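Student: I have a structure I would like to understand better, so I am pasting it below and will then ask my questions one at a time.
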Ligand code: RTP
Ligand code: MG
């Protein structure tokens, strides 16, 4: 199977605890390659737009506050079946349900402060990558 790409965010709870390297190592150990990466402080407008699909959910406001509360590291990951491979190593949204060996089991603090984001489909991956990166910032 050919390599595909997905989009990842190392969230503020993880950057705050200096876990950028530890999270990235778990992604790499899962067979994913970081082909673009930058540390940014998301603006409120960016966070609102990025999480627009959750706009009607009760946790939307808090989620936007959380995602803008500190630096994040946005990354493009490449690998075989990248979307699924990344979702598998991330683990369940709620760390209480996450399996041993996953990033959220190892590091997440709560269902909200759960250390990582990963695209949930190839289509959303393409949209999310284009939201944060220009083509010349991605080096495969
Ligand atoms: P993500 O989008 O971050 O990769 O995570 P996910 O697919 O596992 O979770 P999703 O349902 O898309 O929710 C997006 C993010 O919103 C926060 N959340 N908070 N308080 C809550 O009940 C709640 N539920 C979700 C989490 O940060 C989750 O990753
Ligand atoms: Mg999601």
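Student: Using Cβ contacts closer than 10 Å as the measure, can you line up 66, 131 from fewest to most?
Tutor: 131, 66
Student: A further question follows. Among 123, 28, 112, which one shows the highest mean-square fluctuation when the chain is modelled as a Gaussian network with alpha-carbon springs under 10 Å?
Tutor: In the Gaussian network model the winner is 123.
Student: Counting only helical runs of four or more DSSP H residues, what would the 222 nm mean residue ellipticity of the chain come to if each run contributes -39,500 (n - 2.57) and the total is spread over all its residues?
Tutor: Using -39500 (n - 2.57) per qualifying helix, the result is -10500 deg cm²/dmol.
Student: On full extension of the chain, what length is gained from residue 38 through residue 17, given 0.36 nm per residue of separation minus the C-alpha to C-alpha distance?
Tutor: 5.8 nm
Student: Most mobile of 89, 23, 53 per a Gaussian network model of the chain (Cα springs, under 10 Å)?
Tutor: Residue with maximal mean-square fluctuation among 89, 23, 53: 53.
Student: How would you rank 34, 73, 139, going from fewest to most other Cβ atoms within 10 Å of each one's own Cβ?
Tutor: 139, 34, 73
Student: Shifting gears a bit: Once you've got the GNM for the chain with C-alpha springs shorter than 10 Å, pick whichever of 41, 17, 87 has the biggest mean-square fluctuation.
Tutor: 17
Student: Report the gain in length on full extension from residue 138 to residue 81: 0.36 nm times residue separation, minus Cα-Cα distance, nm rounded to one decimal.
Tutor: Using 0.36 nm per residue and subtracting the Cα-Cα distance, I get 18.7 nm.
Bear in mind that the values in this text are calculations on the coordinates, not laboratory data. Quantities reported herein were computed from a predicted structural model and do not represent experimental measurements. Note: ideal-geometry Cβ built from the backbone for every residue, glycine included; neighbour counts use all protein chains shown.
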